[in-house]
1. Only one of these is in a helix (DSSP H, G or I), in the same structural domain as B:VAL182 (by TED's automatic domain parsing), farther than 29 Å from B:VAL185 by Cβ and in contact (Cβ under 8 Å) with a residue 24 or more places away in the chain: B:LEU454, B:LEU369. Name it.
2. Could you list all residues from segment B:18-53 that are away from every other protein chain (no Cβ under 11 Å) and under 16 Å from B:PHE106 (Cα atoms)?
3. Do we find a residue being buried (at least 17 other Cβ atoms within 10 Å of the Cβ), under 18 Å from the mean Cα position of the chain (by Cα) and not basic (Lys, Arg) anywhere in segment B:433-448?
4. Would you be able to say whether some residue in segment B:488-496 is of a type outside the set (A, V, I, L, M, F, W, C) and part of a loop (DSSP other than H, G, I, E, B)?
5. Tell me which residues, restricted to segment A:290-320, are among the hydrophobic types (A, V, I, L, M, F, W, C) and closer than 30 Å to A:LYS416 by Cα.
6. Pick out the one residue from A:ARG298, A:ARG384, A:ARG362 that is surrounded by fewer than 19 Cβ atoms within 10 Å (Cβ to Cβ) and either modelled with pLDDT under 95 or basic (Lys, Arg) (or both).
7. Given (1) surrounded by fewer than 23 Cβ atoms within 10 Å (Cβ to Cβ); (2) farther than 30 Å from A:TRP27 by Cβ; (3) among the small types (Gly, Ala, Ser), where does A:ALA428 come up short, assuming only one miss?
8. If the Cβ limit is 9 Å and pairs must be 6+ apart or interchain, which residue in segment A:233-260 that is farther than 16 Å from B:TYR32 by Cβ and not assigned by TED's automatic domain parsing to the domain that holds A:LEU299 pairs with which residue that is modelled with pLDDT of 95 or more and surrounded by fewer than 19 Cβ atoms within 10 Å (Cβ to Cβ)?
2 protein chains.
Amino acid sequence: MENKLKKLKTRLIEIDDLHGAAALLYWDQATYMPPGGASARGRQMATLERLAHEKFTDPVIGNLLEELRPYEESLSYDSNEASLIRVTRREYEKAVKVPPAFTEKFSVHSSASYEVWTNARPANDFAAVRPYLQKTLDLSRQLADFFPGYEHIADPLIDFADYGMKASTLRSLFDELRKQLVPMVEALTAQPAADDSCLRQTFPEKQQLAFGLEIIKRLGYDFQRGRQDKTPHPFMTKFSLGDVRITTRVQENDLREALFGAMHEAGHALYEQGICEEFEGTPLADGASAGVHESQSRLWENLVGRSRAFWQFFYTKLQDVFPDQLKAVSLETFYRAINKVERSLIRTAADEVTYNLHVMIRFGLELELLEGNLTVADLPDAWRERYRRNLGIASENDRDGVMQDMHWFSSTIGGKFQGYTLGNIMGAQFYEVALRAHPEILDEMKGGQFGTLLNWLKENIYQHGYKYTAAELVERITGGPLRIEPYVHYLGKKFGELYRL
Amino acid sequence: MENKLKKLKTRLIEIDDLHGAAALLYWDQATYMPPGGASARGRQMATLERLAHEKFTDPVIGNLLEELRPYEESLSYDSNEASLIRVTRREYEKAVKVPPAFTEKFSVHSSASYEVWTNARPANDFAAVRPYLQKTLDLSRQLADFFPGYEHIADPLIDFADYGMKASTLRSLFDELRKQLVPMVEALTAQPAADDSCLRQTFPEKQQLAFGLEIIKRLGYDFQRGRQDKTPHPFMTKFSLGDVRITTRVQENDLREALFGAMHEAGHALYEQGICEEFEGTPLADGASAGVHESQSRLWENLVGRSRAFWQFFYTKLQDVFPDQLKAVSLETFYRAINKVERSLIRTAADEVTYNLHVMIRFGLELELLEGNLTVADLPDAWRERYRRNLGIASENDRDGVMQDMHWFSSTIGGKFQGYTLGNIMGAQFYEVALRAHPEILDEMKGGQFGTLLNWLKENIYQHGYKYTAAELVERITGGPLRIEPYVHYLGKKFGELYRL
């Protein structure tokens, strides 16, 4: 049996090599590739993804998994071996439903669509991306239809990213959360607005980048096993457990973009760098779900990075880097500025309270597009209408409207956004437990130390990789299911205090 | 038949995608990869190379090539279709002789060996690379033995790089050239040495890089389809005809390294960027041979880049970039400095006259290692002994001795060096014909223009890619075979004038 497991692993590692190479091709396209490389690059990525898909759906894998079933059953659920077999089987059963030619077609289309979007967004040219988006929608529907028997056509797409989640569950969860958030946003924005002008001075790129690197190094991001480069849209990617990279972007007239972006992506990277090395090259060497991944990026970015304790250590250092801009600005003013709550247009720049409203708008639009209740042609106006209704503000242009996020222009429509809000909810649940177990986390943070928190997260989440589902992790850590209360409580307490409500 | 050709092309493009991806993995390893990525990276490159090899040696390819034989014979030899079939068959017949597992084993070993070398060279630690080199030698012998019937064990390895060449032919050719060079070196080094102190001042990296970019842009290197990055050892690599990259290194205390290195690699890149686009994704989208490739890097680096006409345009610009260092240095002094002939240790830094002696030493040692007449243990001393005998100088340390070139530490022993001297010989032959056809090339060069030369090279060499063999190209261009006379004549005239002999 161990021999069969070894055979399976050998095949999985080969597939992982193809995925790793495809990820590097993508990273290079986003960072350093000259424009002339684009057309072949799309083809190359598609070829690697098709080959990986072909190899993963080879009946030999299915047979090995069947033959390993008694072995798996003889082991404990928690064992790495049983988990590898279980998780691989789950992925295999999904993968065999999608024809390799379809995977390749989608990959080629996504590359082309992404290239068009990168030029069309700054030009505010929705007409240029519209046919691509239409094809993305058609392909997303076809992809969902390879999984008949769904309750909602978005369900298979959601399931890819957040296993076990469905449109109906998410709708209820999000409705419940919206009910809490909307009055909170009302109350907070009725107060005098925080003054964030201190963040909107001129901050030279070089110093911003250096300070961001200093911070994420202190958080625990290992530069021996990673690096940071610049891209138009920041992301985290992994080529192996020893090479987990992040990207960032800088706005010289706003300190937030690079600062919190770096912490966000570093949060994703800390997760991947913390996965058990034994999982290398197998499906277990991955995050548990989009939601759990976002729980970590958002935890480091917000629960840590926008906390008073954090800046009690870092603010004087930031003042030293930008004395002209910040010497006269108090810690309290800075802290209020980075936590300013406002009705705004851009999701990635939104404060913690309104952020989820941005996400829910996208989630709702995805469902309507897939249902056929909204056309791609009507999407920009629907976007504006939804923003006006939910956030009381809307962008006249599409650049800061429907075209602001890369997701729909580089992947499926469906399943791309729920993870952000699931992450916020889970992140607060996890953090509450961590602080209860280790109240010293806050004191360490005031001294610029994050070891206890990082170790707790590694121990409870990171090391397990893809071994447990999101629901299992939440259960193991909190002793119960996903709950919005810790998140709502966290927001209410933090922002109530900030806005003296 | 056209359908079969289409089928063949589809398969070839898939294989090319794998090679392109492997090349990017390699480029990334040399430029930006964090150290933690090394072990998985070696495995990933090996997997891609094995898959490419498996796919290329698939009997389906052999059958298609057989079925296409009558079609090929119905076409003219020069047609792109016939050439694709002919060249693919030639490569196929070589490839099927090497088992995929061997290719993978060699690839894994090469990555490991390269990693060890990058650390061992600066540490002057030959003992660290010795076991790797021994294994490289064993594997190189095994590789040659997959091609039984050779005259010399190096022949199959030479044939990979310079199709049609053999150890015996090269030995005679090199002996003949050595007979011309040795007295030339004697005579030139007996004269008062040129003063190259103007090149050995401090030149900040940033300005050096910018000036190098300015030059290669003027030569015609297309940055829309390429880019330059820094690596410990410069190289050119290609991911597609639209993405041909070069790398460079800078010494702040010597202007030559970055300046001539950039022109050398740009020469390789101009060749690849000039290949007929129709060949994209097939074996035809490659240089004709190592020798023809070097003929172009050396042509742009030396015949152009170290010529008086070239610097008549660029020298005042260089003075503007480095006024403190060069304002008081005349063009003539600078021209003599960049053409200083001396007995030196480092091949890549050697002048045009002694350069080939460096190459021939390596070529000779390769043959002896493969023959079993020299052991890896004895190699460092044999290197020193050969340098003393041929160049009258030897490095006490191995860093600037046997460990100076990456070739033996990242690929085979055998077939790695003859191309440099073949390139010098062919480059002079080609350049002579180009100047005869277009005497205006020199006048253009004095005005910083290279269009006529570049177009002639594209027309006669670059566009053809791998369609013609080196011998065919030489015959087509010069009307005869490879001859050393134009090269010897060029060296004699240029350096005789410089050293007033």
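The values are calculated or read from the model by the stated rules, or taken from the named source; none is laboratory data. Source: prediction; values computed, not measured. Here Cβ is always computed from backbone atoms with ideal geometry, including for glycine, and neighbour counts include all displayed protein chains.
1. None of the other options fit; the residue is B:LEU454.
2. B:HIS53
3. no
4. No, the conditions are met nowhere in segment B:488-496.
5. A:ALA290, A:VAL292, A:LEU299, A:TRP300, A:LEU303, A:VAL304
6. The conditions single out A:ARG384.
7. (1) is the only condition that A:ALA428 fails.
8. Hits for this filter: zero, empty list.
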